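To start, the structure under review is shown below, and the notes come after it.
The values are calculated or read from the model by the stated rules, or taken from the named source; none is laboratory data. Everything numeric in this text was worked out from a predicted model, so none of it was measured. Quick reminder, even Gly has a Cβ in these numbers, built from the backbone with ideal geometry, and neighbours come from all protein chains shown. Only protein heavy atoms, including side chains, enter the accessible area calculation; ligands, DNA and RNA are left aside. Shrake-Rupley method; radii C 1.70, N 1.55, O 1.52, S 1.80 Å.
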Amino acid sequence: MRQYIITMVAATLILTGCGCKTSKRSVGDEHYPLVGTQWNLVKLDGKEIGADFALRPFLTFDTVGGVQGNLGCNSFFGEYSVNKKHKMTLGFQGATKRLCQQMEVERAFMKALKREITRYEIQGEELILYAGDDEVMRFTGVDLGKVE
């Protein structure tokens, strides 16, 4: 548990530094970088995700190969790597274990994070993660500097 807390604190400090970078974005031409963006889950295995959560499921990527976020109730962390051809590997490592309402989406999101993600695409303000040719998850980006 102590290692988890240290990892989450380090990730928060790193992400805080990443979110301070400003860039000009014009309306209708949004493009978010993989790192420095909070990616809110909007579609999972082809199904739209509703907004009736205490905290919308999301993930963020840091500059040192860490991925972390929230499953809708519980926090999670893991690791990732990417190359210039948008190939991605994603490794789920662990999560907190609170029992909450709305556990169906949380369990499905955790299961999807454990799948073999092979590539990603960023299309404007959306991040799409694939396993082979199958779309596994789709996210909408929010600049970390604007996250409440």
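Couple of notes before you dig in:
- Residue within the range 118-125 that is within 15 Å of residue 40 (Cβ to Cβ), touching a strand residue (DSSP E or B) at 6+ places or on another chain (Cβ under 6 Å), open to solvent by 40 Å² or more (accessible area, probe 1.4 Å) and part of a loop (DSSP other than H, G, I, E, B) present: yes
- Each residue in the range 42-88 was checked for being loosely packed, with under 14 Cβ neighbours inside 10 Å and not in a loop (DSSP other than H, G, I, E, B), and 4 pass.
- Residues located in the range 87-105, provided they are modelled with pLDDT of 90 or more and touching a Phe, Trp or Tyr at 6+ places or on another chain (Cβ under 9 Å): 87, 88, 89, 90, 91, 92, 93, 94, 95, 96
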